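Only one structure is covered here, and it is reproduced in the block below.
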């Protein structure tokens, strides 16, 4: 029977954000008002993903008002992800390009044409105020990169192209969503990093390492679902495809890659300036990475996923 490899995670656990329970009704009220989960199956999947738990784990120090905002954003991200990964938007390149263009347009102030775009426009209009221009620019850049990955994956699926592992790993750092979460972490921990820090190679390297770990850890835990749906964009599947690795060996190798990301994270952290703001942000991103690990064991989104892999070669 296939089992998950034991992850290496030296970042200390942090209790989930206590705002989770009290803020949940406001999160779901917005979901209902925005029309994000009117379909019964969409609602079921969103309940399994549990955006409040995700936010509580990723942002344990966010104050209640910020928590509500972040949990609403997480809900939007989960619904959006499912539309592309498992729905028609991820199988029809023309539909995919149109949907991605509409959502990217929201970030540029283009009128929102549909339910998802209107919900994103509201979230975008309610970004935390008083941040530096560099903060807004970095968030916009990272979110645009994240949304653009759906087009890449749809076109590769449609053409039957299997990406090389190295290209996929670079791509996965964008699809993980961790980079823009790391920008939002600045708000949660009460800092606004100066532009000179954002321009440092170590700043980019730390975000890359965090995103790499979160993406690879998700690939391990979502492999059953993605094999069942013939989703090729998963590091475990690519190792099996390109190198002929059996499932257990591929899982171990991806786990080793994730371990390498922890070392890269700490190396980048040491290369950053030692200021109070930078230290608070780095600690916050550690909480984000550790929270992603804990969320995967607590959420229903991939519960029972490995049971789908029994008998797999």
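Every read-out reported here was derived from the displayed coordinates using simple, explicitly stated rules and does not represent laboratory data. Predicted model, so just to flag it, every value in this text is computed and none were measured. FYI the Cβ positions are ideal-geometry reconstructions off the backbone, even for glycines, and counts take in every protein chain you see.
Annotations
- Structure-based [θ]222 nm, the chain - -39500 (n - 2.57) summed over DSSP H runs of at least 4, per residue, nearest 500: -23500 deg cm²/dmol
- Over 28 Å [Cα-Cα, region 164-313], rounded percent: 24 percent
- Sorting the segments 159-165, 77-83 by their mean number of nearby beta carbons within 10 angstrom, highest to lowest, gives 77-83, 159-165.
- Orientation-averaged projection of the chain equals 15.3 nm² [convex hull of Cα atoms, one quarter of hull surface area].
- Burial ranking of peptide ranges 65-75, 208-218 (average Cβ count within 10 Å, highest at the top): 208-218, 65-75
- Cα-based radius of gyration for region 1-108, normalised by 2.2 N^0.38 Å, reads 1.26.
- Label-reachable residues, region 57-91, where backbone N falls under 20 Å from a point 7 Å from residue 228's Cα toward its Cβ: 78-91
- Entry note, region 164-313: relative contact order of 34 percent, from Cα contacts under 8 Å with a spacing of 6+ residues.
- Sequence-distant contacts, meaning Cα pairs under 8 Å at least 6 residues apart, place the relative contact order of the chain at 26 percent.
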